[in-house]
Amino acid sequence: MDKKGFIAVFEEALKRAAVSECVASWLERYEKVEQVIPKMEGTLEVKEPSEIMWEPNMQFRVIKGEQFAWAYVSLDKRAIETTGFQDAEISFCLEVLLELPGIAEVIDEKNQRRLDELEKAGII
């Protein structure tokens with residue numbers, strides 16, 4: 001399977017409340033959300049936003065049946081990056097971004113020109 005990735009740019013920098021809203025959205029829509037345990041190997045299931053292990057840089061795995069997507073979140077930044085596998089329909093790593101609150105733009109990881117612009121602007 002081919003790998004795929006997307007970057008969601010938010011209207012404002014992601015604070016704890018906004019990250020909690022994103023995790024709550026995933027918990028409502030999908031079967032399971034796990035977080036990579038900081039400074040250790042492995043993941044731990046997050047059953048509600050209050051269980052998030054807060055770090056400057058966090059990694060979550062969102063799961064629906066056989067599909068999963070990784071989501072990379074940094075506090076005080078305006079973007080969430082996702083990776084997963086290319087599906088015949090909409091890629092799950094794109095789907096997990098679509099209903100999150102406060103998104104201004106979603107960019108395909110292959111759009112290097114736009115990613116360079118966002119990097120120069122300090123957004124990603």
Return the residues of the stretch 9-41 that are open to solvent by 40 Å² or more (accessible area, probe 1.4 Å) and over 30 Å from residue 117 (Cβ atoms); say none if nothing qualifies. 27, 28, 29, 31, 32, 39, 40, 41
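Take residue 95 and tell me if it is among the acidic types (Asp, Glu) and over 15 Å from residue 4 (Cα atoms).
For residue 95, the condition - among the acidic types (Asp, Glu) and over 15 Å from residue 4 (Cα atoms) - is not met.
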Got a number for residues in the stretch 15-43 being out of contact with any Pro (no Cβ under 8 Å at 6 or more places or on another chain), free of Cβ contacts under 8 Å to residues at least 40 places away in the same chain and not acidic (Asp, Glu)? 11
Would you pick out the residues in the stretch 94-114 that are in contact (Cβ under 8 Å) with a residue 60 or more places away in the chain and either under 18 Å from residue 14 (Cβ atoms) or of a type in the set (Phe, Trp, Tyr) (or both)? 96, 97, 99, 100, 101, 102, 103, 104, 105, 106, 107
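Got a number for residues in the stretch 69-90 being among the acidic types (Asp, Glu) and surrounded by 15 or more Cβ atoms within 10 Å (Cβ to Cβ)? Explain how you work it out, then say what you get.
The initial filter retains those residues of the stretch 69-90 that are among the acidic types (Asp, Glu), namely 76, 81, 87, 89.
Pick out the ones that are also surrounded by 15 or more Cβ atoms within 10 Å (Cβ to Cβ) and you get 81, 87.
Residues meeting the conditions: 2.
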Sole miss for residue 46 among (1) over 20 Å from residue 115 (Cβ atoms); (2) touching a residue at least 24 places away in the same chain (Cβ under 8 Å); (3) open to solvent by less than 30 Å² (accessible area, probe 1.4 Å); (4) touching a strand residue (DSSP E or B) at 6+ places or on another chain (Cβ under 6 Å) is condition (2)
Check whether at least one residue in the stretch 69-91 is assigned to a helix (DSSP H, G or I), under 19 Å from residue 2 (Cβ atoms) and either under 12 Å from the mean Cα position of the chain (by Cα) or modelled with pLDDT under 95 (or both), and report yes or no. no
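Determine, yes or no, whether residue 59 is within 24 Å of residue 123 (Cβ to Cβ), touching a strand residue (DSSP E or B) at 6+ places or on another chain (Cβ under 7 Å), in contact (Cβ under 8 Å) with a residue 12 or more places away in the chain and surrounded by fewer than 18 Cβ atoms within 10 Å (Cβ to Cβ). Step through it out loud before you land on a result.
On the way: within 24 Å of residue 123 (Cβ to Cβ): yes; touching a strand residue (DSSP E or B) at 6+ places or on another chain (Cβ under 7 Å): yes; in contact (Cβ under 8 Å) with a residue 12 or more places away in the chain: yes; surrounded by fewer than 18 Cβ atoms within 10 Å (Cβ to Cβ): yes.
Considered against the rule, which asks whether it is within 24 Å of residue 123 (Cβ to Cβ), touching a strand residue (DSSP E or B) at 6+ places or on another chain (Cβ under 7 Å), in contact (Cβ under 8 Å) with a residue 12 or more places away in the chain and surrounded by fewer than 18 Cβ atoms within 10 Å (Cβ to Cβ), residue 59 comes out as yes.
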I'm trying to understand the selection: among the residues of the stretch 92-116, which are open to solvent by 70 Å² or more (accessible area, probe 1.4 Å) and in a loop (DSSP other than H, G, I, E, B)? 99, 110
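The values are calculated or read from the model by the stated rules, or taken from the named source; none is laboratory data. What you see is a predicted model; the values in this text were computed from it and never measured. Positions of Cβ are generated from backbone atoms using ideal geometry, with glycine treated the same way; all protein chains shown enter the neighbour counts. What goes into the accessible areas is simple: the full protein's heavy atoms, side chains included, and nothing from ligands, DNA or RNA. Shrake-Rupley method; radii C 1.70, N 1.55, O 1.52, S 1.80 Å.
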